[in-house]
There are 2 protein chains.
Amino acid sequence: MGQTVANPVLIEVTRGHRVESRHRGAIAVFDADDRCVFSLGNVDEPVFPRSAVKPIQALPLIESGAADALGYGNRELSLAQASHGGEPDHVATAAAMLGAAGLDESALQCGVQWPTHTASAAKLSAGGKKPSALHNNCSGKHAGFLAVASHKGYRTEGYIDPDHPVQRMVRNALESLTGAAHTADRRGVDGCSIPTYAVPLAALAIGFARFGSGRGLTPERAVAARRIYSAAVAEPFHIAGTGRFCTEIIAALQGDALVKTGAEGVFCGTMPDSGLGIAIKCDDGASRAAEAIMANILLVLRRQDDGVLRRWANQPLLNRRAIPVGEIRLARGALADLRP
Amino acid sequence: MGQTVANPVLIEVTRGHRVESRHRGAIAVFDADDRCVFSLGNVDEPVFPRSAVKPIQALPLIESGAADALGYGNRELSLAQASHGGEPDHVATAAAMLGAAGLDESALQCGVQWPTHTASAAKLSAGGKKPSALHNNCSGKHAGFLAVASHKGYRTEGYIDPDHPVQRMVRNALESLTGAAHTADRRGVDGCSIPTYAVPLAALAIGFARFGSGRGLTPERAVAARRIYSAAVAEPFHIAGTGRFCTEIIAALQGDALVKTGAEGVFCGTMPDSGLGIAIKCDDGASRAAEAIMANILLVLRRQDDGVLRRWANQPLLNRRAIPVGEIRLARGALADLRP
């Protein structure tokens with residue numbers, strides 16, 4: 001009946017004095033030399049990383065010369081790796097990225113999405129407006145793909161197809177960093193219609209270790225990776241948005257880490273100073289658990305916190321009258337073998 | 001590390017040709033004589049049933065005489081056991097229930113909630129309005145509690161407290177039907193601020209078997225249970241809302257079953273003709289899985305379907321351009337031992 005050996009419980013959700021729900025999953029922490037620093041659960045099973053690999057998917061935007069040619073700065077490069085909330089500044093930056101490439105939102109193939117940022121959605125709604133593809137959380141990544149196509153003289157139609165030159169460049173970057181084959185049998189279609197490839201969690205962690213540290217990369221690619229990393233830590237609002245995990249954690253860690261969420265309970269991250277890459281998959285796809293796990297891992301690895309990590313690592317659950325009724329917490333002993 | 005023996009995988013979420021996420025959980029199907037018809041996973045572990053026991057929690061509304069005294073019909077009695085979407089008709093019925101008891105929304109202690117029905121929330125927002133406690137998905141249940149308090153001459157303040165006479169009546173009904181102790185050590189606070197008591201899944205299934213069939217109940221209680229059941233199947237819109245699982249399934253089954261969702265992946269149901277009660281807990285709290293499990297169970301037990309059950313039992317996943325990218329499906333063999 002599916003997975004026969006269960007991954008361990010990583011996160012518990014309590015109510016009163018009891019555990020109400022449990023989230024199982026796997027964790028991989030590796031360095032750029034393929035050394036496992038910590039693992040829990042099955043880290044060899046391929047998982048779809050979804051949006052968690054957006055920082056790596058942004059490499060062709062730098063490497064093709066498109067970012068320089070179009071004058072993209074930190075905000076644009078942060079949005080190019082974002083799962084943003086569709087807030088007005090996100091939408092404006094995505095529109096400007098397309099404009100610089102001589103395109104507009106009609107070129108986007110990511111589909112229309114209401115802003116996940118509630119107040120922005122309410123404002124649109126109150127104004128009698130509808131969202132566009134610019135509000136799609138992936139619009140910055142897609143604008144980046146279109147920028148590459150435009151700059152290189154590729155056709156812009158079909159830029160989401162697996163065999164389009166832009167998607168080949170993206171796939172090559174992913175294969176090169178993770179060391180994992182990105183073959184058609186491992187392919188699925190992502191929420192925004194581009195291909196997503198199932199990759200073992202260990203390979204994702206290694207890929208992020210390389211991405212953050214530059215180890216094992218060509219000098220050109222190491223520079224490109226550094227630029228994408230620097231853009232995210234310089235403009236954390238543009239990688240997610242108001243009150244969001246990635247934005248708050250990246251800002252709080254002040255340049256020490258890049259973390260990126262993916263749908264269905266995936267999280268990736270890198271800490272360049274220690275040369276580590278982190279990859280998490282919550283079996284059931286729950287973001288609340290993946291976020292709490294990532295915060296707990298960073299708490300152990302970083303050993304210092306101004307309160308933001310702790311707040312995400314152990315979240316009180318409030319009911320509709322803001323009464324605390326339980327908490328989201330790390331399962332006892334889950335990270336006992338993780339060393340700073 | 002939490003639960004040591006893992007419950008089985010019940011539902012798989014696929015993308016392309018691969019399983020992307022997995023939901024584990026437990027299932028109990030019992031009759032009113034405490035006989036287990038089918039069980040999977042640990043059905044002895046106490047779980048918080050949350051809103052899934054609202055039909056049983058509505059018994060005092062009938063038994064106290066309040067429903068008759070206030071002229072409540074099927075719509076009011078369906079809303080009294082609802083987790084509704086805050087659509088205009090839900091809000092109007094909740095307001096009318098309170099009005100009949102000489103009260104208004106200021107008496108509600110469930111807290112304010114935006115309608116979960118997106119279009120209703122957007123309409124509120126577009127009109128520059130804010131939601132009230134009437135929009136809370138539990139407002140009908142709370143209006144019912146207040147009706148009992150008002151009719152019996154109890155104070156209405158504090159009707160959510162575990163020791164308020166109304167909550168004692170509710171607790172007695174739950175204990176009597178499930179046969180499980182509802183003691184303080186098993187108590188948590190629900191999202192709407194009333195007590196919720198952790199009960200083994202087996203006891204919940206037995207309670208619903210008794211509720212639906214009337215077996216093992218006093219004649220008065222059997223009549224009250226029948227009235228609550230009949231109200232839900234007569235007015236399925238009022239128990240949930242447009243496009244919602246409970247509403248669609250109850251309507252499609254044309255009186256043969258009452259199903260009720262609860263937060264954190266719980267589902268209860270009863271099929272009076274076969275005398276069965278059903279209780280489900282998805283370990284990780286996912287509604288998408290609990291709904292799919294319930295639909296699959298009903299498909300087996302009922303042996304006929306006009307397509308609605310099948311649609312919920314095996315749901316295609318569409319991405320933001322409505323391209324099918326995967327599905328939510330029953331794990332192979334999960335219900336192999338369930339017989340019609």
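In order along the range B:315-321, the phi-based Karplus estimate (6.51 cos²θ - 1.76 cosθ + 1.60, θ = phi - 60°) of 3J(HN,Hα) comes to 9, x, 9, 10, 8, 6, 10 Hz; Gly and Pro are listed as x.
Between B:Arg339 and B:Ser287, what length comes free when the chain is fully extended (0.36 nm per residue of separation minus the Cα-Cα distance, one decimal in nm)? Please list the in-between numbers first.
On the way: separation 52, 0.36 × 52 = 18.72 nm, distance 2.45 nm.
My answer for the length gained is 16.3 nm.
Label-point distances for A:Glu157 to the equivalent site in the other copies, using a point 7 angstrom along Cα→C-beta, read 7.1 nm when ranked shortest first. Given the rule -39500 (n - 2.57) for each run of at least 4 DSSP H residues, summed and divided by the residues of the protein assembly as shown, what is its mean residue ellipticity at 222 nm, to the nearest 500 deg cm²/dmol? So the helix-based figure for the protein assembly as shown works out to -11000 deg cm²/dmol. If you run the Gaussian network model on chain B, springs between alpha carbon atoms under 10 Å, then out of B:Glu235, B:Glu20, B:Glu63 the most flexible one is B:Glu20. Each residue of the range A:231-247 was assigned a 3J(HN,Hα) from its phi angle through the Karplus curve 6.51 cos²θ - 1.76 cosθ + 1.60 (θ = phi - 60°); the sequence is 5, 5, 6, 7, 10, x, 4, 6, 8, 7, x, 4, x, 8, 3, 4, 4 Hz, with glycine and proline shown as x.
When the Kirkwood radius is taken over all Cα pairs of the range A:123-189, what Stokes-Einstein diffusion coefficient follows at 25 °C and 0.890 mPa s, in µm²/s? Kindly include the intermediate steps, with their values, before the conclusion.
Values: Rh = 14.0 Å.
Rounded, D is 176 µm²/s.
Model label sites at A:Asp163 and B:Arg155, defined 7 Å from Cα along the beta-carbon direction, differ in position by 7.6 nm. With label points defined 7 Å past Cα in the direction of Cβ, position A:Arg332 shows copy-to-copy spacings of 3.8 nm, given to one decimal and shortest first. With R₀ set to 30 Å, the beta-carbon distance separating B:Asp256 from B:Leu318 gives a calculated FRET efficiency near 0.50. In this structure, the amide hydrogen of A:Val37, modeled 1.01 Å from its nitrogen in the peptide plane, lies closer than 5 angstrom to those of A:Val29, A:Phe30, A:Asp31, counting only residues at least 5 positions away or on a different chain.
Who wins for biggest fluctuation among A:Lys129, A:Lys152, A:Lys281 in a Gaussian network model of chain A, springs between alpha carbons below 10 Å? Top of the fluctuation ranking is A:Lys129. Dipole magnitude for the protein assembly as shown: computed about the Cα centre from +1 point charges on Lys and Arg Cβ and -1 point charges on Asp and Glu Cβ, it is near 140 debye. Scalar couplings 3J(HN,Hα) for the range A:295-306, obtained by applying the Karplus form with A = 6.51, B = -1.76, C = 1.60 to θ = phi - 60°, are 4, 5, 4, 5, 4, 5, 6, 8, 6, 9, 6, 8 Hz; x denotes Gly and Pro.
Between the amide H of A:Leu258 and those of A:Thr270, distances stay under 5 Å, these residues lying 5 or more places away or on another chain, with hydrogens modeled in the peptide plane. Neighbours of A:Cys282, meaning other residues whose beta-carbon lies under 14 angstrom from its beta-carbon, give a summed charge of -2 when Lys and Arg score +1 and Asp and Glu score -1. Mean separation of Cα pairs under 8 Å and 6 or more residues apart, divided by the residue count, gives chain A a relative contact order of 24 percent. Taking the Cα atoms only, what angle lies between the long axis of helix B:201-213 and the longest principal axis of chain B, rounded to 10 degrees? Taking the Cα atoms of chain B, the angle to B:201-213 is about 60 degrees. If you take the Cα centroid of the range B:133-164 and the Cα centroid of the range A:217-265, the two points sit 48 Å apart.
Based on the Cα coordinates of the range A:1-103, what is the per residue volume of their convex hull in Å³? Intermediate values should be presented prior to the final figure.
Details: hull volume 20.6 nm³, N = 103.
About 200 Å³ per residue, rounded to a whole number.
With 12 Å as the cut-off, how large is the P(r) tail for the range A:110-156, expressed as percent of Cα-Cα pairs? Here the long-distance tail beyond 12 Å is 64 percent of all Cα pairs in the range A:110-156. Measuring nothing but alpha carbons in the protein assembly as shown and taking Rh as the Kirkwood radius, the Rg to Rh ratio lands at 1.00.
Applying 1/(1 + (r/R0)^6) with R0 = 56 Å to the Cβ-Cβ distance of A:Asp104 and B:Asp273 gives a FRET efficiency near 0.40.
Can you give the local net charge around A:Ser51? Use residues other than it whose beta-carbon is closer than 14 angstrom to its beta-carbon, Lys and Arg +1, Asp and Glu -1. All intermediate terms of the calculation are to be shown ahead of the outcome.
Numbers: positive: A:Arg50, A:Lys54, A:Lys141, A:Arg244, A:Lys260, A:Lys281, B:Arg15, B:Arg320; negative: A:Asp190, A:Glu264, A:Glu291, B:Glu20.
Counting the neighbours of A:Ser51, the net charge comes to +4.
A label point on A:Arg310, set 7 Å along the Cα-to-Cβ line, lies at 5.6 nm from each of its counterparts in the other copies, closest listed first.
Need the full-extension length gain, B:Arg35 to B:Asp185, defined as separation in residues times 0.36 nm minus the C-alpha distance. One decimal, nm. Separation in residues times 0.36 nm, less the Cα-Cα distance, equals 51.3 nm.
Rounded to the nearest 10 degrees, the angle from helix A:139-152 to the longest Cα principal axis of chain A is 40 degrees. Search the structure for amide H atoms under 5 Å from the amide H of A:Glu20, placed 1.01 Å from N in the peptide plane, and list their residues when 5 or more places away or on another chain. Long-range HN contacts for A:Glu20: A:Val13, A:Thr14, A:Arg15. Taking the three principal axes of the alpha carbon atoms in chain A, the coordinate ranges are 59, 51, 43 Å, sorted in descending order.
The numbers here are math on the coordinates, done by the rules we state, and not lab data. Since this is a predicted model, take the numbers as computed values, not measurements. Note: ideal-geometry Cβ built from the backbone for every residue, glycine included; neighbour counts use all protein chains shown.
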